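To keep things clear, I will list the structure first and then write my remarks on it.
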Ligand code: FNR
């Protein structure tokens with residue numbers, strides 16, 4: 001860790017502030033910004049801010065067990081790293097550093113299609129459970145090749161991003177005319193990928209994807225497929241009917257359609273709509289251990305972290321991400337003890353005061 005040590009960094013908000021000081025303004029805006037007027041971005045955070053947990057005293061839950069079993073794997077914490085493009089924007093080690101931190105924390109890392117390091121380098125760097133996030137391109141061969149490489153390199157699941165047939169209008173990036181700095185590029189895509197993420201997406205993404213893509217993905221690998229970007233109970237049911245092995249309740253961190261609900265708001269109805277055998281993950285606005293516990297209580301099996309991981313990278317490379325994940329784990333254990341929640345499976349809706357639950 002460079003600069004002031006972790007004693008000054010007591011929570012993920014401290015990492016966000018420190019990263020904002022360190023990153024070039026246009027890069028900071030690319031990471032921290034959202035679509036439109038950023039109402040959904042703000043709503044993700046506000047939904048967690050509204051939650052009040054019910055403490056339970058004298059519960060005996062002094063040593064809570066945070067282990068979780070999902071998709072045939074066992075992780076030490078009910079959280080993982082969400083796919084975010086170009087970790088090399090935050091630190092030159094990029095996804096290699098993130099993978100090492102995930103291995104140390106024993107949590108999965110969902111590697112973006114737009115990773116800045118190769119799938120193989122990331123896999124060789126550490127023994128973390130790796131999943132590949134898939135953007136489906138007009139040119140299916142590009143997507144198929146990526147999936148095949150991931151499978152060969154030992155990746156354990158595919159996460160199909162379903163909420164981005166086109167890229168959201170991100171005002172900060174448009175104002176900044178954001179382009180990738182020299183040295184940052186999609187390491188796993190053909191070299192003709194453009195350096196302006198918006199242009200590339202418009203040119204390359206398949207704008208007419210439908211549910212048949214789940215079956216197609218299942219046909220090109222034997223990895224489980226999760227659908228990311230689900231925000232309604234109806235789509236959650238469709239995802240399972242289409243053959244998905246899990247879903248990620250996500251609004252892309254408020255970066256796609258501004259005005260869609262906060263993920264925590266819609267989580268209970270979505271969790272109720274899918275069979276218990278279908279894992280439900282959530283991302284968007286998770287910044288504290290109490291947020292993780294609230295999401296578990298309202299129906300998530302695990303959560304994914306987006307921006308805080310990039311903040312950790314920007315502040316301290318691998319050790320920064322280790323510390324971010326460590327802080328969240330420690331805060332979760334504290335919250336489980338003080339709410340009398342001995343295991344992850346014990347987190348239920350009674351943990352959240354009903355008046356503070358999103359409508
Ligand atoms: C993203 N996200 C994203 N999602 C995805 O499926 N593929 C991707 O390449 C990216 N890239 C990306 C870049 C950056 C800079 C951010 C901030 C986000 C969305 C990401 O997976 C996740 O849904 C959100 O980041 C979760 O919200 P929080 O934790 O950032 O609030």
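The values are calculated or read from the model by the stated rules, or taken from the named source; none is laboratory data. Keep in mind the model is a prediction, meaning the values are calculated, not measured. All Cβ positions, glycine included, derive from the backbone under ideal geometry; neighbour counts span all protein chains shown.
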Given the conditions (1) buried (at least 23 other Cβ atoms within 10 Å of the Cβ); (2) more than 16 Å from the ligand (Cβ to nearest atom), and given that residue 61 satisfies all but one, which numbered condition is not satisfied?
-> (1)
Taking into account only those residues within segment 276-299 that are part of a loop (DSSP other than H, G, I, E, B) and within 13 Å of the ligand (Cβ to nearest atom), which is nearest to residue 230 (Cα to Cα)?
-> 284
Tell me, yes or no, whether segment 11-27 has at least one residue that is exposed (fewer than 15 other Cβ atoms within 10 Å of the Cβ), part of a helix (DSSP H, G or I), under 19 Å from the mean Cα position of the chain (by Cα) and away from the ligand (no atom under 12 Å from the Cβ).
-> yes
Single residue of 273, 236, 302 found to be more than 23 Å from residue 143 (Cα to Cα), surrounded by fewer than 23 Cβ atoms within 10 Å (Cβ to Cβ) and more than 10 Å from the ligand (Cβ to nearest atom) = 273
Could you check, for segment 244-264, whether at least one of its residues is free of Cβ contacts under 8 Å to residues at least 40 places away in the same chain, surrounded by fewer than 17 Cβ atoms within 10 Å (Cβ to Cβ) and at negative phi?
-> no
List every residue pair whose Cβ atoms sit under 7 Å apart, with the two residues 6 or more apart in sequence or on different chains, where the first one lies in segment 40-68 and is more than 30 Å from residue 170 (Cβ to Cβ) and the second, anywhere, is within 16 Å of the ligand (Cβ to nearest atom) and in a loop (DSSP other than H, G, I, E, B).
-> 66/77; 66/78; 68/78
Breaking point among (1) over 21 Å from residue 285 (Cα atoms); (2) within 14 Å of the ligand (Cβ to nearest atom), for residue 87 = (1)
Every listed condition ((1) over 25 Å from residue 209 (Cα atoms); (2) surrounded by fewer than 18 Cβ atoms within 10 Å (Cβ to Cβ)) holds for residue 169 save (1)
Condition met for residue 309 (within 13 Å of the ligand (Cβ to nearest atom) and in contact with a strand residue (DSSP E or B) (Cβ under 8 Å, 6 or more places away or on another chain)) = yes
In segment 28-57, residues that are farther than 18 Å from residue 294 by Cβ, more than 10 Å from the ligand (Cβ to nearest atom) and assigned to a loop (DSSP other than H, G, I, E, B) total 5
Can you tell me which residues in segment 109-130 are surrounded by 22 or more Cβ atoms within 10 Å (Cβ to Cβ) and either more than 29 Å from residue 215 (Cα to Cα) or in contact (Cβ under 8 Å) with a residue 40 or more places away in the chain (or both)?
-> 110, 111, 113, 114, 115, 116, 117, 119, 129
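Conditions (1) touching a helix residue (DSSP H, G or I) at 6+ places or on another chain (Cβ under 6 Å); (2) more than 23 Å from residue 321 (Cα to Cα); (3) more than 11 Å from the ligand (Cβ to nearest atom), marked per residue:
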residue	(1), (2), (3)
96	yes, no, yes
103	no, no, yes
113	no, no, no
147	yes, yes, yes
164	no, yes, no
171	no, yes, yes
176	yes, yes, yes
When segment 224-233 is checked residue by residue, the ones that are away from the ligand (no atom under 16 Å from the Cβ) and either closer than 10 Å to residue 158 by Cβ or in a strand (DSSP E or B) (or both) are 224
Those residues of segment 242-270 which are part of a helix (DSSP H, G or I) and either under 22 Å from residue 143 (Cβ atoms) or at pLDDT below 95 (or both) amount to 252
Within segment 345-356, residues surrounded by fewer than 22 Cβ atoms within 10 Å (Cβ to Cβ) and in a helix (DSSP H, G or I) come out as 345, 346, 349, 350, 354, 355, 356
Does residue 77 fit the bill of being within 11 Å of the ligand (Cβ to nearest atom), in contact (Cβ under 8 Å) with a residue 60 or more places away in the chain and closer than 17 Å to residue 305 by Cα?
-> no
Total residues in segment 149-162, condition more than 11 Å from the ligand (Cβ to nearest atom) and either free of Cβ contacts under 8 Å to residues at least 12 places away in the same chain or surrounded by 16 or more Cβ atoms within 10 Å (Cβ to Cβ) (or both) | 9
